[in-house]
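J.: One structure, as structure tokens, below. Some questions next.
The values are calculated or read from the model by the stated rules, or taken from the named source; none is laboratory data. Keep in mind that this is a model prediction, so the values were computed, not measured. Because the Cβ atoms are built from the backbone with ideal geometry, glycine has one as well, and the counts that use them run over all protein chains shown. Please note that ligands, DNA and RNA were not included when accessible areas were found on the heavy atoms of the full protein model with its side chains. Shrake-Rupley method; radii C 1.70, N 1.55, O 1.52, S 1.80 Å.
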Amino acid sequence: MTRGKLVLGVIAALLALVATVRVAEWLVRGEYRAPERSDRTEATPRDQGLTDERAAQDKADRAKPYVPPDYRAFPRVGSRVAVWVLAQLHLLFAAFVLAVPLFAFLIELIGYFNGDPRYDKLAYEFTKLLSAAFSLTATFGAFLTFALIALYPKFTNYLMEIFSPTFLPYVLLFFFEAGFLYSYYYGWGKFSPRVHLFLGLMLNLVGTAIMFIANAWLTFMMSPAGVSEKGALLSLHDAFFNYTWMPINIHRVIANVAFGGSIAAAYAAFKYLQATTDEERAHYDWMGYIGNFVAICAFLPLPFAGYYLASEIYAFSQTMGLTMMGGAFSWLFIIQATLIGNLFLAANYYLWLGMGRIEGAGNYQKFIKYLLIAIALCFAVWATPRSILASVSEVRAMGGSTHPVLGYLGVMSAKNTAVNILILSTFMSFLLFRRTGKEATVAWRRIGNLAQQAIFFGAAAIVIFFGIYGYFVEARVRIKFSVPQVLSVLAAMVLITLIDVFLYRGARQTGQVRWGKLPPISQYTLIFIAVSFTWLMGLMGYVRSGLRQHWHVFGVMRDESVDAFTPTLGFATQVVSVTVLVFFALIGFVFWIASLHDKPGHGDAGAA
């Protein structure tokens with residue numbers, strides 16, 4: 001009975017399935033279908049029109065001539081920012097690669113003449129930084145070249161038309177620089193001292209020649225010469241040796257040495273903070289002192305080279321001169337004054353801390369407070385603007401945008417005076433540091449000290465006199481007063497140094513130098529100096545390029561891109577800050593690569 005019901009159930013299910021399939025087939029057969037055309041080869045007028053349009057477009061594309069673009073866009077950040085960052089990174093590494101061989105060569109030369117092996121070791125320690133830095137310099141140079149060709153083809157082609165004869169010497173010099181660099185580094189201790197010094201000399205000469213050629217391309221954009229009003233080349237000699245070529249050469253050589261010294265001192269500080277033994281701390285303390293000494297020696301005359309460059313820019317074009325000091329960039333020079341003031345404070349602070357490593361420093365440390373007062377006052381004067389940012393009520397209360405009292409400190413007479421006294425004060429800090437732990441024994445020591453004091457106060461009096469007198473003469477006369485101020489300070493530093501060298505020759509040591517005993521804050525001060533100097537270089541690079549405003553080549557080739565405007569100061573500081581962060585991330589990589597040289601090998605570590 002049960003089996004019969006099961007069979008009937010299965011049969012009913014099959015019948016239901018068959019019925020469902022039949023109903024579905026009937027529904028599908030009855031659905032709507034579009035009518036089929038009997039002749040499928042015949043095209044409609046619309047289809048024929050579309051076919052003819054595509055054929056015409058294909059024919060036009062095949063006949064389209066090549067038109068090179070003037071500009072190309074870089075995604076997100078834009079072409080200008082991309083080239084800006086690459087150019088700045090390339091210049092920072094190039095400055096480092098040019099400066100470090102210079103003072104490494106000088107330190108090795110000193111060690112050759114005095115026979116002290118410490119100098120040879122120190123020079124080699126500096127040179128270890130060059131291998132990776134040189135590769136990064138070349139890498140960013142290639143990036144910059146490709147970016148200029150891709151993003152600014154018209155402008156790049158124009159520069160190539162003007163300076164193409166200089167490209168072959170540039171490439172050959174770069175090839176020779178690589179040869180001398182690696183021979184100088186890997187040949188340390190392998191060649192005789194004279195041959196090795198010759199390699200170092202040639203490395204510096206070739207590197208300087210490379211910089212001089214590249215500076216011609218750079219300065220031609222700012223002060224073009226040797227071309228017609230329409231840009232046609234008339235004289236390659238005049239285009240190369242243009243109006244600002246030599247001023248920028250002098251300024252960059254001095255700035256590169258100061259920058260390279262500060263980065264090398266930062267490397268020494270980095271190694272000092274990592275050191276685990278007194279011997280290592282003593283070595284890197286001395287290395288940081290030498291690097292900072294080189295940086296300060298180059299930094300003291302750097303403002304004078306800057307004034308020379310600024311005066312030549314003004315002589316070439318009063319428009320650029322007024323824009324630089326009294327127009328869109330005037331507030332930027334307040335930031336510059338703040339940075340340079342901080343650099344002077346940090347450099348003096350490191351020297352004052354350095355006195356603590358020498359026994360018997362108390363005789364000179366009592367003068368620090370007076371030097372600090374002078375430096376702080378000069379810093380405040382230098383950073384005081386002529387016109388301040390004020391509300392409407394404040395402007396009414398002052399009777400204008402210029403403060404009735406502080407406004408007098410915002411003119412160049414006060415600022416030239418302040419920076420020259422600042423340089424003299426820093427020089428005096430170095431002189432006191434040099435004398436710490438020594439006692440002159442020559443018979444004429446009293447006369448020598450009096451002569452040094454007379455020269456110092458005489459130079460200060462000349463600087464202050466012309467600073468005050470500048471308020472009573474017209475502008476064209478006032479500008480010329482910076483020359484006797486600069487010359488008096490330079491002469492004072494040279495004469496005082498010469499007297500001091502002979503005065504303390506054979507001096508009696510009253511205290512030993514305890515290298516490696518400085519507090520950690522001294523090393524952070526060296527790092528602060530390096531960061532501030534790098535930031536300052538980036539900021540002043542923005543000024544130099546921004547002076548051209550909406551010109552690729554000032555007065556010759558106009559910038560017609562979407563970026564043909566001067567970026568705001570706030571935007572520029574952001575770009576410079578990001579660039580400085582990227583640079584120090586990369587220079588940290590260079591430090592790490594250099595530090596691997598002193599670490600034991602993998603097998604050696606396992607055996608130990």
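J.: Using a 1.4 Å probe on the protein chains only, how many percent of the accessible area of the stretch 371-508 belongs to carbon and sulfur? Let's see the in-between values first.
T.: Working: 5210 of 7330 Å².
In the stretch 371-508, the share of accessible area belonging to carbon and sulfur is 71 percent.
J.: Using +1 at the C-beta of Lys and Arg and -1 at the C-beta of Asp and Glu, which of 530, 259, 218 has the Cα lying farthest in the positive direction of the dipole of the chain?
T.: 530
J.: Can you give the accessible area of residue 106, probe radius 1.4 Å, in Å² rounded to 10?
T.: About 80 Å², rounded to the nearest 10.
J.: Further, regarding this structure: Which angle between 0 and 90 degrees, to the nearest 10, do you get for helix 330-354 versus the longest principal axis of the chain when only C-alpha atoms count?
T.: The helix 330-354 is inclined about 60 degrees to the chain.
J.: Still on this structure, I have one more. Provide the per residue accessible area, probe 1.4 Å, for the chain, rounded to a whole number of square angstrom.
T.: Values: 32270 Å² over 608 residues.
Heavy-atom SASA per residue in the chain reads 53 Å².
J.: A further question follows. Over the chain, calculate the relative contact order: mean separation of alpha carbon pairs under 8 Å at least 6 apart, over the residue count, as a percent.
T.: Numbers: 641 pairs, mean separation 95.5, N = 608.
Once divided by the residue count of the chain, the mean separation gives 16 percent.
J.: Would you mind checking 128/517; 366/517; 438/480; 271/438; 190/271 for any pair whose Cα atoms are more than 31 angstrom apart?
T.: On the way: 128/517 25 Å; 366/517 21 Å; 438/480 41 Å; 271/438 29 Å; 190/271 27 Å.
With Cα atoms farther than 31 Å apart: 438/480.
J.: Tell me which lysines have Cα within less than 27 Å of residue 64's Cα, excluding those fewer than 8 residues away on the same chain?
T.: 154
J.: If eta is 1.306 mPa s and T is 10 °C, what Stokes-Einstein diffusion coefficient results for the stretch 75-170, Kirkwood Rh from Cα pairs, in µm²/s?
T.: Values: Rh = 15.8 Å.
Calculated translational D: 100 µm²/s.
J.: For the stretch 135-198, restrict the atom set to alpha-carbon positions and state the Rg and Dmax in Å.
T.: When restricted to Cα atoms, the stretch 135-198 yields Rg and Dmax of 16.8, 51 Å.
J.: Convex hull volume of the Cα atoms in the stretch 402-510, per residue, in Å³? Don't skip to the end; give the middle numbers.
T.: Details: hull volume 10.5 nm³, N = 109.
Dividing the Cα hull volume of the stretch 402-510 by its residues yields 96 Å³.
J.: Using modelled amide H (1.01 Å from N, peptide plane; none on Pro or chain starts), what sits under 5 Å from the amide H of residue 438, excluding residues fewer than 5 places away?
T.: Close amide H contacts, sequence-distant or interchain: 510.
J.: Now for a separate question. For the chain, build the charge dipole from Cβ charges (+1 Lys, Arg; -1 Asp, Glu) around the Cα centre, then report which of 363, 349, 550 sits farthest towards its positive end.
T.: Of the candidates, 363 comes out farthest on the positive side.
J.: In the full protein assembly as shown, how much of residue 59 is accessible to a 1.4 Å probe, in Å² to the nearest 10?
T.: 140 Å²
J.: Mind checking the log10 I(q)/I(0) for the chain at q = 0.06, 0.09, 0.12 Å⁻¹? Debye, one equal scatterer per Cα, no solvent, two decimals.
T.: -0.43, -0.83, -1.38
J.: If Lys and Arg each add +1 and Asp and Glu each add -1, what is the summed charge of the other residues whose beta carbon sits under 11 Å from the beta carbon of residue 560?
T.: -1
J.: Tally Lys and Arg at +1 and Asp and Glu at -1 over the other residues with C-beta under 15 Å from the C-beta of residue 285: what net charge comes out? Let's see the in-between values first.
T.: Numbers: positive: 118, 121, 271, 281, 357, 514, 517; negative: 125, 278, 279, 280.
In short, +3.
J.: If you don't mind, another one. Compute the distribution of all C-alpha to C-alpha distances in the stretch 241-315, in bins of 5 Å from 0, and list the percent of pairs in each, rounded to whole numbers.
T.: It works out to 3, 18, 19, 15, 12, 10, 8, 6, 5, 3, 1, 0, in whole percents.
J.: Then there is this: Let me spell out the model: positive unit charges on the Cβ of Lys and Arg, negative unit charges on the Cβ of Asp and Glu, origin at the Cα centre of the stretch 110-195. What dipole size does that give, in debye rounded to 20? Provide the component values of the computation, followed by the final result.
T.: Details: 6 positive and 5 negative charges, 31 e Å.
Dipole size: approximately 140 debye.
J.: Hey, another quick one. If ligands, DNA and RNA are left out, what is the accessible area of residue 51 with a 1.4 Å probe, given in Å² to the nearest 10?
T.: Accessible surface of residue 51 is approximately 70 Å².
J.: Still on this structure, please answer the following. For residue 358, which sequence-distant residues (separation of 5 or more, or a different chain) have an amide H within less than 5 Å of its own amide H, given hydrogens modelled in the peptide plane?
T.: Residues meeting the amide H criterion: 514.
J.: Same structure again: Answer rounded, prolate or oblate for the stretch 476-608, using the Cα gyration tensor with square roots of eigenvalues a ≥ b ≥ c: rounded when a/c is under 1.5, else prolate when a/b is larger than b/c, else oblate.
T.: Details: a/c = 3.17, a/b = 1.20, b/c = 2.64.
Note, shape of the stretch 476-608 comes out oblate.
J.: Taking the convex hull of the Cα atoms, report for the stretch 404-464 its projected area averaged over all directions, in nm². Walk me through the intermediate numbers first.
T.: Working: hull surface 20.5 nm².
The Cα convex hull of the stretch 404-464, projected and averaged over all directions, gives 5.1 nm².
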